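**Q** If you scroll down you'll find the structure; I have some questions about it.
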Amino acid sequence: MDVRIVDYGENADGGFISYNISGLSQNQLEFLNNNLDDETQITNDNLILKTKFFPFQSRESKIKVEDFISREEIEMAIFLSSFLEDMD
């Protein structure tokens, strides 16, 4: 599984992060699409996940944004992996 942040910021609804998740089977894509509470869609064998969460508000995150993005991608990959364990 490969998790990449493709967009983040703030809008009228608050903060958000959009992830592109690739490298999953069709069954895994459908399971996540049907069971995650956040906004999801399947596009070109990838899952697009948009969360209403914006962790990049601290001063440190603005200085080291690449580090914070990498950490968020790793944390989401771990969360999704544990979520997929419930598939069986």
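**Q** Hey, what's the chain come to in accessible area per residue, 1.4 Å probe, Å²?
**A** With the other protein chains kept in place, the chain gives 65 Å² per residue.
**Q** Got a sec? What order do VAL6, VAL65 fall in by accessible area at 1.4 Å, biggest, i.e. largest, first?
**A** From most accessible down to least: VAL6, VAL65.
**Q** Using a ≥ b ≥ c from the Cα gyration tensor of the chain (square roots of the eigenvalues), is it rounded, prolate or oblate, where a/c under 1.5 gives rounded and otherwise the larger of a/b and b/c decides, a/b for prolate?
**A** Prolate, since a/c reaches 1.5 and a/b exceeds b/c.
**Q** With each label point set 7 Å from Cα along the Cα-Cβ vector, what nm distance links ASN34 and GLU85?
**A** 2.2 nm
**Q** Calculate how steeply helix 65-84 sits against the longest principal axis of the alpha-carbon atoms of the chain, using the helix alpha-carbon long axis, and give the answer as 0 to 90 degrees to the nearest 10.
**A** Between the helix axis and the principal axis of the chain, the angle is about 20 degrees.
**Q** Tell me the relative contact order for region 1-52 as a rounded percent, counting alpha carbon contacts under 8 Å between residues six or more apart.
**A** Relative contact order for region 1-52 comes out at 35 percent.
**Q** Give me the angle, in degrees from 0 to 90, between the Cα long axis of helix 26-35 and the longest principal axis of the Cα atoms of the chain, rounded to the nearest 10.
**A** Approximately 60 degrees, to the nearest 10.
The values are calculated or read from the model by the stated rules, or taken from the named source; none is laboratory data. The model shown is predicted, which means the values in this text are computed figures rather than measured ones. No Cβ is skipped: glycine too gets one built from the backbone with ideal geometry, and neighbour counts run over all protein chains shown. All accessible areas refer to the heavy atoms of the entire protein, side chains included, with ligands and DNA or RNA removed. Shrake-Rupley method; radii C 1.70, N 1.55, O 1.52, S 1.80 Å.
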